[in-house]
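Accompanying notes for the structure given below.
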Amino acid sequence: MQGITYLVAAYAIVWVGLLAYLGVVMLRIRGVRTELAAVKELVREQQEKNS
């Protein structure tokens, strides 16, 4: 029975790790979207300025 306990613990650790990784990726994507919106705004302002 001890082997099953280790197996369950290993699966739990893997799932927690995957969820943490996905959380980090989601935060990075949110940051990139924010930066992209800022760049789009700057481009729009430059186009209006040059027109």
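No value in this document is a laboratory result; all are computed from the given coordinates. From a predicted model like this one, the values you see are computed outputs, not experimental measurements. Virtual Cβ from ideal backbone geometry, glycine too; neighbours counted across all protein chains shown.
Can you put 40, 49 in order of Cβ neighbours within 10 angstrom, beginning with the fewest?
Numbers: 40 10, 49 7.
With the fewest neighbours first, 40, 49 line up as 49, 40.
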Output the Cα-based Rg and Dmax of the chain in Å, rounding Rg to one decimal and Dmax to a whole number. 22.2, 75
